[in-house]
Structures are given as C-alpha cells and as structure tokens.
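Okay, so here's the structure we're looking at.
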Amino acid sequence: MGHRGFAIFAAAATLIGCWCGPAAARERVPYSFSGGTDGGGPSGGLTFDGGGDLYGTTHFGGMADCGGVTLDGGGNLYGMTSGGGTSSQGTVYEISP
C-alpha cells in the first residue's frame, strides 16, 4: 500500500466503549498504532472490502484526514483530507486496486 500524504491502515481498529454482550464474549485488539509510519490517532469509520480487509484513516502520519473512507463497486477506495491540494484546502483522494 503506497503512502500518498495521508495515513491509511488495513486490518486496524481501536475498540472503545462498552460491550454488553454475553459474559463469554472477549475483546481483541487486532492492531495498535505506534505513531510512526503507521500513523496514530485513528479517526472516522472503518470499511471492509470484499476480501475482508479493513480500511480506515488516522489523524497523524500524513495529511490530516476528514473522516473515514468508502469503497465503490469496483474496489476503489475514496477519502478526504483537510489540507493539501492546489489551494491547500483539502483533497478527495482515490486509491485503485
């Protein structure tokens, strides 16, 4: 996965809040950010692709993100940044498979 001035992560989640499920339920943290090249400060939502890969964005590690990401039917991943672009006012980006 290339780095295009923003931090995108795959197979990463931070679990926050209350799980009120069965007593036998267990919490698992599939990924912990280091704050280095993998970014830090996850933000926005998470999106699964058809292959089960998980995508999201972080505040740190690249251009500041404006929320989560979304996938179209062709597998293209879209998101936004709050900076960058021709007027330094943000961008909409696309990552194609």
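A short reminder: the numbers here are calculations on the coordinates, not readings from a lab. This is a predicted model, so every value here is computed, not measured.
List of remarks:
- Subtracting the Cα-Cα distance of Val92 and Ala25 from their residue separation scaled by 0.36 nm leaves 20.3 nm.
- Cα gyration tensor shape of region 26-79, rounded if a/c is under 1.5, else prolate or oblate by comparing a/b with b/c: oblate
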